[in-house]
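What follows is a single structure, written as structure tokens, with notes after it.
The values are calculated or read from the model by the stated rules, or taken from the named source; none is laboratory data. Only a predicted model underlies this, so the values are computations on that prediction, with no experimental measurement involved. For neighbour counting, all protein chains shown are included, and Cβ atoms are generated from backbone atoms with ideal geometry for every residue, glycine included. Calculation scope for accessible area: heavy atoms of the full protein, side chains included, ligands and nucleic acids excluded. Shrake-Rupley method; radii C 1.70, N 1.55, O 1.52, S 1.80 Å.
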Amino acid sequence: MDIERVDLYKMLWNSIQVQLDKQKITVYRLSKMTGIPLTTIYNYKNDEKEPPFKNMCKIADALNVSLDVFRGGKQK
């Protein structure tokens, strides 16, 4: 995996983590809220896997934010 892709994954996870911290939601709870397996979410967190669009939609819905938040946009 190239360095640019890893940096993109880190940036994406950091924006998810900001929302988790802001809303006081654990990764475990996010897994339960989205139906995404905990191991899959940890793969996203550890830069091992790129989240597919449908999972990013589930995460955004669970956190009640726009997908734009994960690319540096504004919250809905």
**Item:** Accessible carbon and sulfur surface of region 1-67 relative to its total accessible area, %, 1.4 Å
**Value:** 54 percent
**Asked** List the trypsin sites (Lys or Arg not before Pro) in region 3-40 that DSSP assigns to loop (not H, G, I, E or B) and whose Cβ has at most 13 other Cβ atoms within 10 Å. Which are they?
**Response** 24
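If you count only protein heavy atoms with a 1.4 Å probe, what accessible area per residue comes out for the chain, rounded to a whole Å²?
Values: 5040 Å² over 76 residues.
Per residue, the chain has 66 Å² of solvent-accessible surface.
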**Request:** Return the aspartates and glutamates within reach of residue 10: Cα separation strictly under 20 angstrom, same-chain partners fewer than 8 residues apart disregarded; answer none if there are no such residues.
**Result:** 2, 21, 47, 48, 50, 68
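What 222 nm value per residue comes from the helices of the chain, counting each DSSP H run with n ≥ 4 as -39,500 (n - 2.57) and dividing by all residues, nearest 500 deg cm²/dmol? Let's see the in-between values first.
Numbers: 4 runs with 48 residues, N = 76.
Value at 222 nm, helices only: -19500 deg cm²/dmol.
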